[in-house]
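The values are calculated or read from the model by the stated rules, or taken from the named source; none is laboratory data. Everything numeric here is computed off the predicted structure, so don't read it as measured data. Every residue, glycine among them, receives a Cβ derived from its backbone with ideal geometry; neighbour counts consider all protein chains shown. Surface accessibility is based on the protein's heavy atoms, side chains included, excluding ligands, DNA and RNA. Shrake-Rupley method; radii C 1.70, N 1.55, O 1.52, S 1.80 Å.
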Amino acid sequence: MRVVSLLPSLTELVCSLGHGESLVGVTHECDYPPGVERLPHLTRTRIPAGSSSLEIDTLVSAQGGSLYELDGELLSSLRPDLILTQAQCDVCAVNEQAVRSCAAALPGGPAVESVNPLDWPGVAGMFRRVAELLGTPERGARLVDAVRELGEQVQAARGGKPPVSVALLEWMDPPYVAGHWIPDLIAMAGGSDVLGRSGEPSRRCTWAEIAQADPEVILLSPCGFSLERSETELPALFARPEWQGLRAVSSRRVFLVDGNAYFSRPGPRLRESLAIAAAALDPEACRQFAPGWGWKDLLGSE
């Protein structure tokens, strides 16, 4: 089977299911596992390199959220049997209808599978569905079980402690709180998301809302930004008058996460995202679960 993936998390999923050799084309943002970036790139972005968070948000608003272009000629030349895409977010990937229109004109009529997970059960269903399409349903079940089993280990390690109040910001300027599957991961990690709602879209919020919620822990995981990219925007964040008054800041419980790898990508590394959240919320009980890379204690928690 010749597979095209038009979403980085789906590229990761195909590879985790053991079918990386079936991939013939990916997006310009597909960068994991190492090697997939060498495959033909079927998309490009209208976002200028080096744009700030505020500039990107302004551009998204001005263009109605559609920021990606699909190379239909290249797609045709790759002769895919299966095209994996998404219906969730035009800001994150090429528009689903554009993909279907292009696929309909291709010789052989390749199958198009579009995903739209709204919460953790939806992500688990996506894992199983793609595994089924690739003929290895048992591998999809194993990926789902890996997340569930880690959640059980975290629960056992925490020993019945009450949930920790958490805010996960997936954008800093303006601030956006994460929805979809992320509040479910926070709950599995021993937390209670005070601003995000499972099954609902991520949303713009105000600093007044964040101050009123006053979480015990803040996770900063800007969507699509590496740690290094996010760090360039921290001075502006720290300068905000509301920042120093937050409980999480005064207790030094603020953590920066590689938002290009974790949380916002609904792929196999959600297991590591869960582990990072658990370690941030309860380092004494859960630090051993988290990877030693891709996140950092931003203020040096007490």
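How high is the relative contact order of the chain? Use alpha-carbon pairs under 8 Å, at least six apart in sequence, and give a whole percent. Intermediate results must be reported in sequence, preceding the final value.
Values: 571 pairs, mean separation 43.8, N = 302.
After rounding, I find 15 percent.
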Packing-based ranking, highest mean first, of 48-55, 220-227, 292-299 given that Cβ atoms within 10 Å are counted: 220-227, 292-299, 48-55
Charge sum, other residues only, whose C-beta stays under 14 Å from residue 21's C-beta, Lys/Arg counted +1 and Asp/Glu -1: +1
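Placing unit charges on C-beta atoms (Lys and Arg positive, Asp and Glu negative, everything else neutral), compute the dipole magnitude of segment 1-134 about its Cα centre in debye, rounded to 20.
Charge dipole of segment 1-134: 280 debye, to the nearest 20.
Please give the net charge around residue 155, taking every other residue with its beta carbon less than 13 angstrom from that of residue 155, where Lys and Arg add +1 and Asp and Glu add -1.
0
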Segment 89-171, accessible surface, carbon-and-sulfur percent (1.4 angstrom probe): 53 percent
Helix axis angle, 120-133 relative to the chain longest principal axis, alpha carbon, degrees: 20 degrees
Centroid-to-centroid separation of segment 252-271 and segment 211-241 [C-alpha atoms, Å]: 13 Å
On Cα atoms only, tilt of 53-62 relative to the major axis of the chain in degrees: 50 degrees
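Taking only protein heavy atoms and a 1.4 Å probe, what accessible area per residue, in Å², does segment 164-206 have with all protein chains in place?
I get 31 Å² per residue for this part.
Ranked highest first by the average count of other Cβ atoms within 10 Å around their residues, in what order do 210-219, 258-267, 131-140 fall?
258-267, 210-219, 131-140
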Alpha-carbon centroid distance for the pair segment 1-29 / segment 115-186, whole angstrom: 20 Å
Simple Cβ-charge dipole of segment 88-241, Lys/Arg +1 and Asp/Glu -1, about Cα centre, in debye nearest 20: 200 debye
Sorted peptide list for 6-12, 273-279, criterion being average Cβ within 10 angstrom, highest first: 273-279, 6-12
Among 171, 28, 9 - extreme Cα towards positive end, dipole of the chain, charges at beta-carbon: 9
Per residue solvent-accessible surface (Å²) - segment 251-302, probe of 1.4 Å: 36 Å²
Angle in degrees between helix 137-158 and the longest Cα principal axis of the chain, rounded to the nearest 10: 0 degrees
Semi-axis lengths, Å, the chain, gyration tensor of Cα atoms, sqrt of 5 times eigenvalues: 33, 23, 15
Whether segment 211-302 is rounded, prolate or oblate, judged on the alpha carbon gyration tensor where a/c under 1.5 counts as rounded: oblate
